[in-house]
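No lab work stands behind these numbers, since they all come straight from the coordinates. Since the model is a prediction, treat every value here as computed from it, not as a measurement. Quick reminder, even Gly has a Cβ in these numbers, built from the backbone with ideal geometry, and neighbours come from all protein chains shown.
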Amino acid sequence: MKNEKTLEDTKEYVKRVASTRGWILHNNEDNTLDMLVDGLTRYFNNVGYYNCPCRDTFEDFKMDRDIVCPCDYAEPDIAEFGRCYCALYFDSKFDFSESIEMIQERRPDIDY
Ligand code: SF4
């Protein structure tokens, strides 16, 4: 497929987003970053956009717009919890020696 993304393309994309927003990426100590980059790449190549790798998709950009990465919820989650829902992006001062707890889903309930 012509517009297919590679893992390297997606890595560059998330690095660029982090740098633009003043965030940092998961330190990948347990391969979380690799798994999320893989999930984003798969979604891009299946549905045509970077759907959030830890949420379901409608496979319809308009329906998924709020969860196209970086999602609408990343900014408030990082401000409140220091990380986005998937633990891809973090506040620049996040201390990775602390455990990374699950956070509550901020997106309103959606029926798929
Ligand atoms: S939760 Fe994180 S990885 Fe998922 S879409 Fe939002 S910013 Fe991207």
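Does Tyr43 fit the bill of being within 28 Å of Lys93 (Cβ to Cβ), in contact with a strand residue (DSSP E or B) (Cβ under 8 Å, 6 or more places away or on another chain) and hydroxyl-bearing (Ser, Thr, Tyr)?
no
Filter the stretch 81-100 down to residues that are of a type in the set (D, E, K, R) and surrounded by 11 or more Cβ atoms within 10 Å (Cβ to Cβ) and give me whichever is nearest to the ligand (Cβ to nearest atom).
The residue in question is Arg83.
Going through the stretch 51-73 one residue at a time, which ones are in contact with a strand residue (DSSP E or B) (Cβ under 6 Å, 6 or more places away or on another chain) and in a loop (DSSP other than H, G, I, E, B)?
Thr57
Looking at the stretch 45-65, is at least one residue among the β-branched types (Val, Ile, Thr), more than 10 Å from the ligand (Cβ to nearest atom) and closer than 30 Å to Asp111 by Cα?
yes
In the stretch 101-112, how many residues are touching a residue at least 40 places away in the same chain (Cβ under 8 Å) and within 13 Å of the ligand (Cβ to nearest atom)?
Final tally of qualifying residues: 1.
With the requirement that a residue be without any contact (Cβ under 8 Å) to a residue 60 or more places away in the chain and either over 15 Å from Cys69 (Cβ atoms) or within 14 Å of the chain's Cα centre (by Cα) (or both), what does the stretch 20-31 give you?
Step one: filter the stretch 20-31 for residues without any contact (Cβ under 8 Å) to a residue 60 or more places away in the chain, giving 20, 28, 30-31.
Selection gives Asn28, Asp30, Asn31.
Could you say which residue among Arg16, Arg42 is surrounded by fewer than 13 Cβ atoms within 10 Å (Cβ to Cβ), more than 12 Å from the ligand (Cβ to nearest atom), in a helix (DSSP H, G or I) and within 16 Å of the chain's Cα centre (by Cα)?
Matching residue, one of Arg16, Arg42: Arg16.
Could we say that Ile110 is exposed (fewer than 15 other Cβ atoms within 10 Å of the Cβ), among the aliphatic types (A, V, I, L, M) and part of a loop (DSSP other than H, G, I, E, B) here?
Criteria met by Ile110.
Of everything in the stretch 74-100, what is in contact (Cβ under 8 Å) with a residue 12 or more places away in the chain and in a loop (DSSP other than H, G, I, E, B)? Give them in sequence order.
Gly82, Cys84, Tyr85, Cys86, Ala87, Leu88, Ser92, Phe94, Phe96, Ile100
Take Thr57 and decide whether it is surrounded by fewer than 20 Cβ atoms within 10 Å (Cβ to Cβ) and in contact with a His (Cβ under 8 Å, 6 or more places away or on another chain). Working first, answer last.
Details: surrounded by fewer than 20 Cβ atoms within 10 Å (Cβ to Cβ): yes; in contact with a His (Cβ under 8 Å, 6 or more places away or on another chain): no.
No: the conditions fail for Thr57.
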